[in-house]
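First comes the structure, then the notes that go with it.
The values are calculated or read from the model by the stated rules, or taken from the named source; none is laboratory data. On a predicted model such as this, the values are computed, not experimentally measured, just so you know. All Cβ positions, even for glycine, are placed from backbone atoms using ideal geometry, and neighbour counts span all protein chains on display.
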């Protein structure tokens with residue numbers, strides 16, 4: 001690799017790394033806010049545990065951020081070189097676009113290999129570890145599900161509120177039970193109560209003192225005239241199961257969280273006839289596994305596809321056009337992921353071969369990129 005190649009490679013590598021880190025941080029921050037912030041505020045997770053869980057999301061976010069980071073980095077570097085007339089000077093000396101692109105293509109191939117390793121090994125292991133440790137941490141502090149001065153909607157079919165909470169003692173407590181349309185069918189209020197954890201049955205037990213209850217009409221719960229009030233009760237208890245919140249004996253591992261070896265094991269198992277499973281259902285399950293495998297491969301090779309698109313876009317710009325090309329590139333990036341997500345809806349139609357259709361967005365990007373290369377050389 002000569003001096004010019006090293007110069008281009010180093011600039012693209014540094015800028016792409018920074019872009020991947022930026023996109024990864026945005027995705028990581030959003031994931032942390034969505035999954036962890038509520039548990040931290042409720043006191044279920046310590047800051048050290050939350051920090052460790054955030055680190056476990058790095059392989060997950062990098063697998064999504066890599067294509068966008070490569071696209072952005074190449075556009076920025078080549079756009080700057082083009083606007084500073086560096087590209088023009090190099091081409092005037094007889095160097096072809098293909099020759100100038102060689103270190104960038106090499107970097108893209110490295111990115112494909114790294115993304116394949118992340119998608120098939122590091123991301124699945126990190127995701128399973130993340131979900132397992134999060135569930136275990138929440139189970140260690142189940143009383144944290146109830147937070148003072150907060151409407152808690154974590155429990156299916158129930159909304160609860162406590163005006164004050166000191167350890168397990170509650171004050172000004174309200175509980176609403178909802179029907180399938182999220183309408184209140186029963187509610188109770190108590191001046192005080194306590195919450196205890198039944199570890200054997202994995203549930204919270206609410207014991208309310210001096211409670212008052214109201215029962216709505218099951219057919220028309222919004223008809224307050226038909227509501228029937230109950231006499232004040234000295235004590236009432238409510239059970240809040242935790243199975244759907246913290247799990248019982250582990251987590252449900254999704255197909256996307258399987259490593260390459262595990263996916264191939266599933267593929268071989270489903271490829272064999274099984275009298276207990278109808279052939280049509282087994283074929284659908286097999287197609288879901290094939291879609292997952294092809295999706296991970298296609299996502300990795302999208303790094304190369306976006307590189308082929310970014311090189312001609314980056315070279316043929318002026319400084320003022322760089323932002324416009326970034327918008328175009330990111331729009332194509334969003335379109336790519338929307339297309340692959342749409343293909344996944346076809347998993348119930350094996351005859352359409354959605355596992356092969358999964359490659360069409362990649363082929364489309366490569367066709368556009370090669371067409372731009374051809375026009376650039378002319």
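A few notes on this one:
- The criterion of at least 1 residues that are surrounded by fewer than 17 Cβ atoms within 10 Å (Cβ to Cβ), in the same structural domain as residue 37 (by TED's automatic domain parsing) and modelled with pLDDT of 90 or more is met, among helices (runs of 4 or more DSSP H) falling completely within the stretch 77-142, by 97-117, 123-140.
- The set of residues in the stretch 6-52 that are touching a residue at least 60 places away in the same chain (Cβ under 8 Å) and closer than 20 Å to residue 101 by Cα comprises 6, 8, 9, 11, 12, 13, 15, 16.
- If you go through the stretch 177-213 and pick out every residue that is more than 34 Å from the chain's Cα centre (by Cα) and either exposed (fewer than 15 other Cβ atoms within 10 Å of the Cβ) or not assigned by TED's automatic domain parsing to the domain that holds residue 240 (or both), you end up with 2.
- Scanning the stretch 82-112 for residues that are in contact (Cβ under 8 Å) with a residue 24 or more places away in the chain and under 35 Å from the mean Cα position of the chain (by Cα) yields 101, 102, 103, 104, 105, 106, 107, 108, 109, 111, 112.
- Residue check, residue 277 surrounded by 19 or more Cβ atoms within 10 Å (Cβ to Cβ), more than 28 Å from residue 113 (Cα to Cα) and at pLDDT below 90: no
- Qualifying residue in the stretch 310-325 (condition: in the same structural domain as residue 119 (by TED's automatic domain parsing), part of a loop (DSSP other than H, G, I, E, B) and modelled with pLDDT of 85 or more): no
- Test: residue in the stretch 145-167 that is touching a helix residue (DSSP H, G or I) at 6+ places or on another chain (Cβ under 8 Å), outside the structural domain of residue 37 (by TED's automatic domain parsing) and part of a strand (DSSP E or B): yes
- Verdict on residue 62 being buried (at least 19 other Cβ atoms within 10 Å of the Cβ) and either over 16 Å from the mean Cα position of the chain (by Cα) or in the same structural domain as residue 302 (by TED's automatic domain parsing) (or both): yes
- Residue in the stretch 345-363 that is modelled with the lowest pLDDT, counting only those that are surrounded by fewer than 16 Cβ atoms within 10 Å (Cβ to Cβ) and part of a helix (DSSP H, G or I): 348
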